[in-house]
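Working notes for the structure below.
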Amino acid sequence: MQFSISDQKGVHIPEELFGLFFEDINYAADGGLYAEQIENRSFEFLDCYGDRGDYYAVPDYGYAWSPFGEGEPGKMQYVTGSPVDPKNPHYLRFTAAKAGQGFCNRAYRGIFLEKGKKYRVSFYARTASYRGNLTVSVQKDGRVFASAAVACVLAPEGTWQKWNRYETVLTAEEDAEGAAFVIALDRAGTVEFDFVSMMPCDAVDGVFRRDLVEMLRGLKPGFLRFPGGCIVEGNTMENRYRWKESVGRPEGRRANFNRWAVHETSAENGWHAQYAHYNQTLGLGFYEYFLLCERIGARPLPVLNVGLACQYQSFERVEVEDPAFDEFLQDALDLIEFANGSPDSPWGKVRAEMGHPEPFGLTMVGIGNEQWQTEESDFFARYEAFERAIHEKYPQIRLIGSAGPDVVSPRHTMAWDFYRKKAAQKENFCHAVDEHYYMEPEWFFDHADFYDGYPREVKVFAGEYAAHPQKGMNNPRANNLEGALAEAAFLTGVERNSDVVILASYAPLLARAGYAQWSPDLIWFDEKTVCATPSYWVQKLYAQNRGDWTLRLDGQEKELAGEGIFVSASLCRESGEVIVKAVNRNPEEKELKIALAEGLSAKGPVRIQELSGRPEAFNSVEDPNRVRVSERMQEETDSLKLPAHSFVVARISR
């Protein structure tokens, strides 16, 4: 097959085109990117029930905790009265009848330790009626893998016992899996505890799990959209994500249950599903999200609630005419001040006191997550209210609208009619419209030209997309090579139309094995292993081989697509290389004869990166390297071999 590459530039490819979408689903935050190893550290967890329009949560403050020690267990009470912070009012009151009694944390599937690695433990304690000391350890089946003694601060008897914060470091003597975190008393007595934490000392900024951060950084993301996703909306208005509750000292961040705790509830399971204890400590909050953006080189794109609970899961809303709606508008203005304001401003001061006096440089804000217009929701009026309020004070901020949950229904068409009409009347009304599509691989192959005919005035944010060869919970098989190749084929069209599609992100981003409500996902992990899926490698190949300008193909891409070959070509300004991306969905090898225009004279060698294999092949935490990228060099500049079921990137030197 012949493939001629013109020396005529097509469109500029934005630096931030390929980015990340983080949603707290699949235990992506607590139990994932947030490096905290203790589960329910502040004794505030809720057990969640319900169905659309009828959700409720039952207190389960002792979830993940249990007594430790031989014989009759110590007494564990979850109380309130004099908390460390009133926003998280419950704490543990533990009474030991004898030395050696204590309590332990299940820590998801148990503590994982690496030999020689250090872990910082901290907690608040109050010696209500106790004159001894404490031992902190990690152990399993009587074997101690790490231990440290903690001397208690003892006030004189008969005086008020205040909370004291304790910190120590555990060093792992051996590797450990499935172990328990234990705090034990060395004599009888009563001690109260709160905010128990165990963090790896190598956590990035003391917050983020290092191996996951490295995986994100490897994608060279142009932006990071956060914190979701449906959790922005919540199942109820009370359950929605409030960014102001996620900043400041962690002890003052009110715990909340996660919207995904009620995923797939039914009458058969008593409206109480597998992940009913999925909660949010908010240890990973908006400050940390902004910080993460800096660490991985991404532009921040926070998303805000518009007074609507999840339209799929709830009927709740705050009407635009209700004075309470003003709170949502003010939250948007205060967020911009938090991110960009002077340390002398009220919310800029909060940021500065958290350790970041310099502004974060926020330029974009998402208005709503996945909203669509109905007579009841009146989303368009909500968007206009946000646009007026934000641009009156911050005219430079670029707003991202929503086109709803799909690209094939009348609500999608209605959304675009609204944005295009308003944008023609008012400059900067909408920077880009967020489109979502989760489809079978065939759809992505068939729609590589999806954006060819889009009007160019209002831009597109391909905010949530993924090919779905399979679905289901905890199903890494859903991330097979066939789906990844379909995404790669579709992205040839995104790159070719990057004058209108200016932002694009796969979703969801992270999934903890055994804790995943949604499949497929870009990165799978457990307590010890991180797994790059075939879709991850596709995203990485695009991000690392972006190019600065497309090169015109003059319709050849459509002819080749008819043969099961999907192509794009771009030019790298810095190196001068021509970058060819090609997907072969056929079950046999194909050869692409490349003819460069005279202005693009080539010289060898050509660097080849290739992703190929069986369409059903997938990676998992048990076997993370089954499908991965291989590299080679070739001298020929006029021919490119495409193995069966492959995605190939060629960088041709000039």
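The values are calculated or read from the model by the stated rules, or taken from the named source; none is laboratory data. The structure displayed is predicted, hence computed values, not measured ones. All Cβ positions, glycine included, derive from the backbone under ideal geometry; neighbour counts span all protein chains shown. Ligands, DNA and RNA are stripped out before the accessible areas are found, and what is left, the full protein with its side chains, is counted by its heavy atoms. Shrake-Rupley method; radii C 1.70, N 1.55, O 1.52, S 1.80 Å.
By the gyration tensor of its Cα atoms, with a ≥ b ≥ c the square roots of the eigenvalues, what is the shape of the range 210-359: rounded for a/c under 1.5, prolate for a/b over b/c, or oblate? Oblate.
Label sites at ASP7 and GLU589, each approximated as a point 7 angstrom past Cα along Cα to Cβ, lie 3.3 nm apart. With every protein chain in place, what's the accessible area of TRP65 (1.4 Å probe, Å², nearest 10)? Around 20 Å² of this residue is reachable by solvent. Amide H contacts for ALA516 (H built 1.01 Å from N in the peptide plane; partners 5 or more residues away or on another chain; cut-off under 5 Å): ASN474. Overall size of the range 446-501 from C-alpha positions, given as principal axis extents largest first: 41, 18, 14 Å. Loop-located chymotrypsin sites (Phe, Trp or Tyr not before Pro) in the range 300-360 (DSSP state not H, G, I, E or B) with no more than 10 neighbouring Cβ atoms inside 10 Å do not occur. Remark: relative contact order (the chain) = 15 percent; criterion is Cα-Cα distance under 8 angstrom and separation of 6 or more residues. Partner lysines whose Cα lies under 27 Å from the Cα of LYS118, excluding those fewer than 8 positions away in the same chain, are identified as LYS140, LYS528. The alpha carbon centroids of the range 84-144 and the range 572-629 are separated by 52 Å.
What does the convex hull of the Cα atoms come to per residue for the range 331-414, in Å³?
Values: hull volume 9.1 nm³, N = 84.
Considering the Cα atoms of the range 331-414, their hull volume per residue is 108 Å³.
For the range 400-472 and the range 1-79, compute the distance between their C-alpha centroids and round to whole Å. The range 400-472 and the range 1-79 have Cα centres separated by 27 Å. Of the GluC sites (Glu not before Pro) found in the range 27-115, those that fall in a DSSP loop while having at most 15 other beta-carbon atoms within 10 Å are GLU70, GLU114.
Pairs of Cα atoms under 8 Å, at least six residues apart: use those to get the relative contact order of the range 342-448, whole percent.
24 percent
Across the range 255-384, the mean sequence separation of Cα contacts (distance under 8 Å, 6 or more residues apart), normalised by length, yields a relative contact order of 21 percent. Accessible area of the range 503-654 with a 1.4 Å probe: how many percent of it is carbon plus sulfur? Its accessible area is 44 percent carbon and sulfur atoms. On the range 178-306, 50 percent of the accessible area sits on carbon and sulfur atoms, based on a 1.4 Å probe. Dividing the convex hull volume of the alpha-carbon atoms in the range 518-650 by its residue count gives 135 Å³ per residue.
Of all DSSP-defined beta bridges confined to the range 11-146, some 95% are antiparallel rather than parallel.
For the range 101-168, trypsin sites (Lys or Arg not before Pro) are listed when DSSP marks them as loop and at most 12 other Cβ atoms sit within 10 Å of their Cβ; the list is LYS115, ARG131, LYS162. Only lysines eight or more places from LYS349 in sequence, or on another chain, were considered; those with a Cα closer than 24 Å are LYS87, LYS244, LYS393.
Overall form of the range 161-251: oblate. Here a/c, set by the Cα gyration tensor axes a ≥ b ≥ c, is 1.5 or more, and a/b is not larger than b/c.
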